[in-house]
Structure formats: C-alpha cells, structure tokens
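**Q** Here it is: the structure, laid out below.
The values are calculated or read from the model by the stated rules, or taken from the named source; none is laboratory data. Everything quoted here is computed from the prediction, not taken from an experiment. No Cβ is skipped: glycine too gets one built from the backbone with ideal geometry, and neighbour counts run over all protein chains shown. Remember, those area values only see protein heavy atoms, side chains included, never the ligands or the DNA or RNA. Shrake-Rupley method; radii C 1.70, N 1.55, O 1.52, S 1.80 Å.
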Amino acid sequence: MLKGFGQFLFRGNVIDLAVAVVIGAAFGTIVTALVKDVLTPLIAAIFGKPDFSALVFTVNGSAFKYGDFLNACISFAFIAAAIYFFVVAPMNALTARFQKPGEPAAKACPECLSDIPFAAARCKYCTAQQPPA
C-alpha cells in the first residue's frame, strides 16, 4: 500500500502540479502587487480617487455597496491585462519564434478529429494510421 502511495507521489504529473501551484501562488503575489502598487495609483493620478469602496446607495434602509464591486471589477480587469501582456503575449511570441515556418505544429486525425503531432504515424487517441506527410 505504501509502495503504491510512493509511486503516486513521485509520478511526474503530481510533482509538476505541485510546482505549478507554488509558482502560480508566487506569480499571483507579483500580479497583485503590480495592480495594487502601480496600476491603482495610476487610477488615482488620472481620476483623483484610487478607491471606490465608499460608493453606496440606499433603498428602503438597505445599503448597496457598489463601490466594492467596482473595485473588484477594476482589479480583475487589471490582473487579466497584466497576465495577458506579461505572460500570454510573450509566450505566444516565443512559441511562434521557435516554430518552423510553414510547418504546422499539429494535424487533425481523419478518424477522431483530434490534434496529433505533424510527424506522427498513428493517432494516440484512436490509433488510426496516418497518411504520410
């Protein structure tokens, strides 16, 4: 029983997942700091008010704090933009730079329509033989 547990723990994808969670948490801290310390003061410089949490309206004695919701939406937009411009766009450019021109990275299997590597002789999903490239 312990041998199986050890195999489970040291299987590659479990360790990869653990590393991804730790790196993701660290990167989340960086992105949060960027939004809090750089982008939010930019809003304050432009609009004169960095925090909208005091915005409230009242209906029949019930306070609706839409300012907190507005802060969360702005934070989400800034975090999404930071991730796109600092991670996704550079990774796409890097991937495009190292891909051979004119050669697609994958082709569709004629049997199951899944993406398979261009040089594959068989589909790893349905094991259909692929025509030569």
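**Q** Have a look at ILE83, PRO41, LEU94 and report the one farthest towards the positive end of the charge dipole of the range 1-106, computed about the Cα centre with Cβ charges (Lys/Arg +1, Asp/Glu -1).
**A** Checking the options against the dipole of the range 1-106, the answer is LEU94.
**Q** Would you mind working out the accessible area per residue for the range 26-133, using a 1.4 Å probe, and quoting it in Å²? Don't jump to the answer; show the numbers that get you there.
**A** Values: 8070 Å² over 108 residues.
Ligands and nucleic acids excluded, the result is 75 Å² per residue.
**Q** Right, something else. Of the listed values (i) 140; (ii) 98; (iii) 275, grab the one calculated as volume of the Cα convex hull per residue in Å³ from the structure here.
**A** Checked against the structure: label (iii).
**Q** Figure the gain on full extension for PHE5 and ALA45 (residue separation times 0.36 nm, minus the Cα-Cα span) and round it to one decimal in nm. Intermediate results must be reported in sequence, preceding the final value.
**A** Details: separation 40, 0.36 × 40 = 14.40 nm, distance 5.51 nm.
That works out to 8.9 nm of additional length.
**Q** Under a 10 Å cutoff between Cα atoms, tell me which one of VAL14, VAL31, VAL22 has the largest fluctuation in the Gaussian network model of the chain.
**A** Its mean-square fluctuation being the largest, the pick is VAL14.
**Q** If packing is taken as the average number of other Cβ atoms within 10 Å across a peptide's residues, how do 71-80, 52-61 rank, most packed first? Don't skip to the end; give the middle numbers.
**A** Details: 71-80: 14.3, 52-61: 10.0.
Final packing ranking: 71-80, 52-61.
**Q** Given the -39500 (n - 2.57) contribution per DSSP H run of 4+ residues, what per-residue ellipticity at 222 nm results for the chain, rounded to the nearest 500 deg cm²/dmol? Intermediate results must be reported in sequence, preceding the final value.
**A** Numbers: 5 runs with 68 residues, N = 133.
Mean residue ellipticity at 222 nm (helix-derived): -16500 deg cm²/dmol.
**Q** Also, quick follow-up: At 1.4 Å probe size, with no ligands or nucleic acids counted, give the accessible surface of CYS112 in Å², nearest ten.
**A** Accessible area, nearest 10 Å²: 60 Å².
**Q** Now for a different question. Describe numerically, in nm with one decimal, the distance between label points set 7 Å from Cα along Cα→Cβ at LYS65 and at MET91.
**A** Taking the two extended label points, one gets 3.5 nm.
**Q** Same structure again: Dipole of the range 1-130, Cα-centred, from +1 at each Lys and Arg C-beta and -1 at each Asp and Glu C-beta, to the nearest 20 debye? Can you show the working numbers first?
**A** Working: 10 positive and 7 negative charges, 69 e Å.
Computed charge dipole of the range 1-130: roughly 340 debye.
**Q** If the cut-off is 26 Å between C-alpha atoms, which lysines fall inside it for LYS3, apart from same-chain ones fewer than 8 positions away?
**A** Answer for LYS3, where 26 Å is the Cα cut-off: none of the lysines qualify.
**Q** Ok, one more. Tell me the angle of helix 89-98 to the major Cα principal axis of the chain, expressed in degrees between 0 and 90 and rounded to the nearest ten.
**A** 20
**Q** Under 15 Å Cα-Cα from LYS107, which aspartates and glutamates qualify once same-chain neighbours fewer than 8 residues away are excluded?
**A** Answer for LYS107, where 15 Å is the Cα cut-off: ASP115, listed by chain and number.
**Q** What is the angle, in °, between the Cα long axis of helix 66-83 and the longest principal axis of the Cα atoms in the chain? Nearest 10 is fine, range 0 to 90.
**A** Helix 66-83 and the main axis of the chain meet at about 40 degrees.
**Q** If you don't mind, another one. Accessible surface of LEU34 in the full protein assembly, 1.4 angstrom probe, to the nearest 10 Å²?
**A** Taking all protein chains as shown, LEU34 has close to 50 Å².
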